[in-house]
Amino acid sequence: MNYDEFMSGKLDALRDDGNYRVFADLERQRGKFPRATRHDADGTTSEVTVWCSNDYLGMGQHPAVLDAMKGAIDRCGAGAGGTRNISGTNHYHVELEHELADLHGKEAALIFTSGYVSNWASLSTLASRMPNCVVLSDAGNHASMIEGIRHSRADKVVFKHNDVEDLARKLSEIDPERPKIVAFESVYSMDGDIGPIAEFCDVAEQYGAMTYLDEVHAVGLYGPRGGGIAEREGLMDRVDVIEGTLGKAFGVMGGYITASKTICDFVRSFSSGFIFTTALPPAVAAGAITSIRHLKQSDTERLAQRERVAKLRQRLDQLAIPYMANESHIVPVVVGDPVKCKWITDWLLDNAGIYVQPINYPTVPKGTERLRITPSPLHTNEDIENLVNALSELWSQCALSRAVA
């Protein structure tokens with residue numbers, strides 16, 4: 001086989017379909033979020049406004065977080081020194097796990113190098129180590145959850161997205177003696193819709209299933225202390241495992257699970273994705289601790305973000321630019337064509353200094369290609385006007401459908 005020729009052909013097919021991904025070379029500017037410096041291939045630079053960051057609250061630029069990280073480097077140096085099992089458990093890791101357990105009202109927590117790894121490692125370990133386990137997975141679940149379930153080799157049953165009746169029906173068909181895990185999310189990152197956590201817990205309890213909730217797009221953003229949708233709705237005690245990330249609203253890096261001491265110890269003791277991975281640098285853990293502690297007591301960032309989201313939606317409505325309605329902070333503006341979606345984002349970057357990454361297949365189904373816009377507390381009214389006016393011009397140029405009043 002000519003390996004290069006084979007791979008080049010596959011890449012060319014991606015380009016022809018409009019699904020080839022090009023990364024913008026951006027340099028975040030300390031203290032100036034959402035501004036960034038764009039580096040072009042010819043060596044020139046320009047300033048852009050970022051509209052698609054998952055640093056939802058700008059905590060990655062918060063002075064207290066930066067000071068904590070710099071202080072940890074001065075105290076501990078750069079790396080963790082190894083895996084947690086051998087030489088890499090630092091006191092900052094222990095403190096961080098205490099903060100996370102407290103955030104979600106759980107006995108314990110376990111941190112990983114990313115949200116992807118925490119889902120993959122935890123679900124694969126739980127499902128593979130419980131004999132004859134079956135996992136019931138929401139059809140809209142993230143790739144990290146799907147991969148974790150697949151890796152476990154446990155039986156998997158997919159239920160319709162956010163469909164409580166379909167979940168109940170499929171649970172009723174499973175032997176009551178079999179171990180069961182119901183895996184779902186709170187905020188779904190591409191459509192921005194929210195899962196019916198209470199109803200899923202009702203059904204899981206009825207059929208003796210463990211519940212596993214991914215809150216990565218909700219932690220820091222919802223609930224009186226940033227514990228997520230489950231905290232906002234008073235449901236944390238009913239969920240067996242709550243998984244989250246440190247790399248979105250908390251502005252740093254890493255993933256975690258919170259659960260009972262037994263569950264966390266079980267995953268810690270049997271998960272290859274935890275055992276054989278170098279631990280987070282102490283500075284990252286220190287930044288996460290500070291960010292979590294700040295958002296536990298500050299509602300300022302959350303309230304400001306909600307106001308900005310409402311303002312953007314209001315202006316999109318006024319200019320009849322269609323977007324998917326939801327109850328979260330995510331504003332998906334659907335283009336519905338991969339080539340046009342890529343062209344629009346390129347035009348915005350090159351002509352308006354606006355960075356929005358196109359979201360195409362396989363991240364979203366074909367025909368639903370979109371701009372996934374995430375307003376932050378630090379986007380100004382001028383930023384919003386620049387964005388919506390540019391979108392309105394592009395909607396006219398591309399002859400895209402306007403929203404019907």
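The values are calculated or read from the model by the stated rules, or taken from the named source; none is laboratory data. Note that the coordinates shown come from a computational prediction; the quantities given were computed from them, not determined experimentally. So basically every Cβ, Gly included, is an ideal-geometry build from the backbone, and we count neighbours across all protein chains shown. What goes into the accessible areas is simple: the full protein's heavy atoms, side chains included, and nothing from ligands, DNA or RNA. Shrake-Rupley method; radii C 1.70, N 1.55, O 1.52, S 1.80 Å.
Miscellaneous remarks
- Prolate/oblate/rounded label for the range 175-297 (Cα gyration tensor, a/c 1.5): oblate
- Counting every pair of alpha carbons in the chain, the share spaced more than 34 Å apart comes to 34 percent.
- Label positions at Val339 and Asn85, each projected 7 Å from the Cα along the C-beta direction, are separated by 5.2 nm.
- Computed across the range 245-382, the Kirkwood radius stands at 18.2 Å (inverse of mean 1/r, all Cα pairs).
- For the chain, with +1 on Lys and Arg beta carbons and -1 on Asp and Glu, the positive-most of His62, Ala390, Phe6 along the dipole: His62
- DSSP bridge orientation in the chain - percent antiparallel, rounded to nearest 5: 55
- Largest accessible area first, the residues Cys76, Cys201 order themselves as Cys76, Cys201 under a 1.4 Å probe with ligands, DNA and RNA left out.
- With the whole protein complex present, Thr45 retains an accessible surface near 80 Å², based on a 1.4 Å probe.
- Binning the alpha carbon pair distances of the range 181-220 at 10 angstrom intervals from zero yields the distribution 31, 50, 18, 1, expressed in whole percent.
- Per residue convex hull volume, Cα atoms of the range 22-175, in Å³: 201
- Pairs exceeding 20 Å between alpha-carbon atoms, taken from Lys248/Lys311; Lys32/Lys248; Lys160/Lys180; Lys70/Lys106: Lys248/Lys311; Lys70/Lys106.
- HN-Hα J in Hz across the range 209-220 - Karplus 6.51, -1.76, 1.60, θ = phi - 60°, x for Gly and Pro: 9, 6, 10, 10, 10, 8, 10, 4, 9, 10, 5, x
- Mean separation of Cα contacts under 8 Å, 6 or more apart, over the residue count of the chain: relative contact order %: 21
- Ligands, DNA and RNA aside, Arg293 has an accessible area near 110 Å² when probed at 1.4 Å.
- Stokes-Einstein, applied to the Kirkwood radius of the range 2-54 over Cα pairs at a viscosity of 0.692 mPa s and 37 °C, places its translational diffusion at 242 µm² s⁻¹.
- Summed side-chain charge close to Ala109 - residues other than Ala109 whose Cβ falls under 12 Å, Lys, Arg +1, Asp, Glu -1: -4
- Cα pair distances of the range 334-405 binned at 5 Å [whole percent]: 3, 15, 25, 26, 18, 10, 1
- Cβ-Cβ FRET estimate between Gln397 and Ala310, R0 fixed at 25 Å, reported to 0.05: 0.35
- Relative to its Kirkwood radius, the Cα radius of gyration of the range 69-117 gives an Rg/Rh of 1.00.
- For the chain, the mean residue ellipticity at 222 nm estimated from helices alone is -12500 deg cm²/dmol, where every DSSP H run of n ≥ 4 contributes -39500 (n - 2.57) and the total is divided by all residues, rounded to the nearest 500.
- When Trp120, Trp51, Trp343 are compared by accessible surface with a 1.4 Å probe, the order from highest to lowest is Trp343, Trp120, Trp51.
- Cα→Cβ-extended label distance, 7 Å offset, between Glu5 and Ser260, nm: 5.9
- Spacing of the modelled spin labels on His161 and Arg75, each 7 Å from Cα toward Cβ, amounts to 4.4 nm.
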